[in-house]
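Heads up, the thing below is written out as structure tokens.
Computed from the coordinates by the stated procedures, all read-outs in this text should not be read as laboratory data. Nothing here was measured: the structure is a model prediction, and the numbers come from that model. Positions of Cβ are backbone-derived with ideal geometry, glycine not excepted, and every protein chain shown enters the neighbour counts.
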Amino acid sequence: MPKDCKIILVFDLDDTLYDEKTYVLSGFRAVAAHLKRKYRLNSDKTYNFMLKDLKANGRGKIFNNILSKYSLENKKRIRELLSVYRKHKPKMKLFGDSERILNRFKNLPLYVVTDGNVNVQSNKCRALKLEKYVDKIFITYRYGIENAKPSTHCFKKILKLENSNPENLVYIADNPKKDFVNLNSEGYKTIRIMRGMFKDFKAAKGYDAKHRIKSLDEITTRFINSLITK
């Protein structure tokens, strides 16, 4: 594919380029180690408690619940554990098909657009060494939460950098609740990777991507060209 090709590839981060669960488990390990150092709690027991709580109740109150179990719960300690979780240096890696697609299209403009806490998402990107693959990483919260997806604010920034138009930008992501709806209506190309927590989620009308794939290996030069020429 020629280097001056007009196509721009943009990727979501969590559950698109890597398994987000690996970050969560890495964070739980960091919190368990902190609880051992500061409060002399058994790290295996606290880690396993957080795992079971995650499976049973989701992520909303895990740190409240682990502190409550040991009669340690207060707002200061909850913030303390949240800080440990957010600031830890995660150990994780790209999906195999993620590394392959980033190498396969290295001559194209490549970007990441991701929602979330700026420090958390930055730590993830560093751990994954994404800076060696992509031109720029846009963490939407850096521009204000009102510019998080489904806002197209960061995508417009990419178009300005590339002097291009929405029909030339392809966004690959996993969450049909927010990733595609506004991009669809503004003429961007959208692809949903069917993995992660939204793998089986049925999207509302207008919210799903225009195309679905099970693996990033399905995105070939021919596939991309077929999107742009439609």
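What is the percent of Cα-Cα separations in the chain that go past 34 Å?
When all Cα pairs of the chain are counted, 22 percent exceed 34 Å.
Find how many whole Å separate the alpha carbon centroid of the range 88-103 from the alpha carbon centroid of the range 161-197.
20 Å
As a quick test, which of the pairs LYS178/LYS210; LYS93/LYS124; LYS21/LYS52; LYS93/LYS210; LYS52/LYS214; LYS21/LYS210 have an alpha carbon distance above 18 angstrom in this structure?
Correct reply: LYS93/LYS210; LYS52/LYS214; LYS21/LYS210.
Rank the residues LEU169, LEU51, LEU183 as a footprinting-exposure proxy: fewest other Cβ atoms within 10 Å of their Cβ go first.
Listed from fewest to most nearby Cβ atoms, that is LEU51, LEU183, LEU169.
Please state the relative contact order of the chain as a whole percent: Cα pairs under 8 Å, 6+ residues apart?
Relative contact order of the chain: 23 percent.
Among ARG77, ARG192, which comes first, then next, by fewest other beta-carbon atoms within 10 Å?
If I rank by nearby Cβ atoms, fewest first, I get ARG77, ARG192.
With 10 angstrom as the radius, rank ARG40, ARG195 by how many other C-beta atoms surround their C-beta, starting from the fewest.
Fewest to most other Cβ atoms nearby, the residues stand as ARG40, ARG195.
Would you kindly derive the ³J(HN,Hα) couplings of the range 18-35 from the backbone phi angles with the Karplus curve 6.51 cos²θ - 1.76 cosθ + 1.60 (θ = phi - 60°), listing them in order in whole Hz, with x for Gly and Pro?
So the Karplus estimates, Gly and Pro as x, are 8, 7, 4, 4, 5, 5, 4, 5, 4, x, 4, 4, 5, 5, 4, 5, 5, 5 Hz.
If I model the range 21-87 as equal point scatterers sitting on the Cα atoms and use the Debye formula, what is log10 I(q)/I(0) at q = 0.14, 0.16, 0.28 Å⁻¹?
-0.33, -0.44, -1.55
Taking the dipole about the Cα centre of the range 67-155, with the C-beta of Lys and Arg at +1 and of Asp and Glu at -1, give me whichever of LEU102, LEU128, TYR70 is farthest to the positive side.
Most positive-ward Cα: TYR70.
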